[in-house]
Amino acid sequence: QVQLVESGGGLVQPGGSLRLSCVASGSIFSINRMDWYRQAPGKQRELVAHKTNGGSTIYADSVKGRFTISRDNAKNTVYLQMNSLKPEDTAVYYCNAFIVYSAGDVVRSVWGQGTQVTVSS
């Protein structure tokens, strides 16, 4: 069984920074991609940042220039550095990974439990 565990959320003032981490553990053969999503109250879950094994990245327009996604493949970890935070960034942030559990297995989508980020003065 594979688990994704996020950490690093919390309460921060507008203009502040936070760094989220997501660690994948368990039976892992390979990880194809690791993404960050967020869901604000009353809104649909949206893609925040996406990074492939090849290094390609995609960011939501609302976070471009402020957020940076990075990966440590040796540690099966993805990070989200969030700078210049705004109240509209308030949401539960989720990690999503496409993982192959063992050689020859299919790719499976795995979600973390989420970490709350609140931007408020």
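The values are calculated or read from the model by the stated rules, or taken from the named source; none is laboratory data. The structure displayed is predicted, hence computed values, not measured ones. Neighbour counts run over all protein chains shown; Cβ positions are idealised from the backbone, glycine included. Just so you know, the surface numbers come from the protein's heavy atoms only, side chains and all, with ligands and any DNA or RNA stripped out. Shrake-Rupley method; radii C 1.70, N 1.55, O 1.52, S 1.80 Å.
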Task: Full-stretch length increase - Lys75, Ala40 - with 0.36 nm per residue and alpha-carbon distance subtracted - done: 9.7 nm
Open item on the list: If you consider only alpha-carbon coordinates, what radius of gyration and Dmax does the stretch 1-86 have, in Å?
Closed with: 13.4, 40
Task: Relative contact order, percent, the chain [alpha-carbon distance under 8 Å, six or more residues apart] - done: 37
Task: Residue-normalised accessible area of the stretch 1-44, given per residue in Å² at a 1.4 Å probe - done: 56
Task: Environment charge at Gly15 (Cβ cut-off 12 Å; Lys +1, Arg +1, Asp -1, Glu -1) - done: +1
Open item on the list: Suppose the chain between Asn53 and Leu11 were pulled fully straight at 0.36 nm per residue; how much longer would it get relative to their current alpha carbon spacing?
Closed with: 12.0 nm
Task: Within the chain, percent of DSSP bridges classed antiparallel, to nearest 5 - done: 95
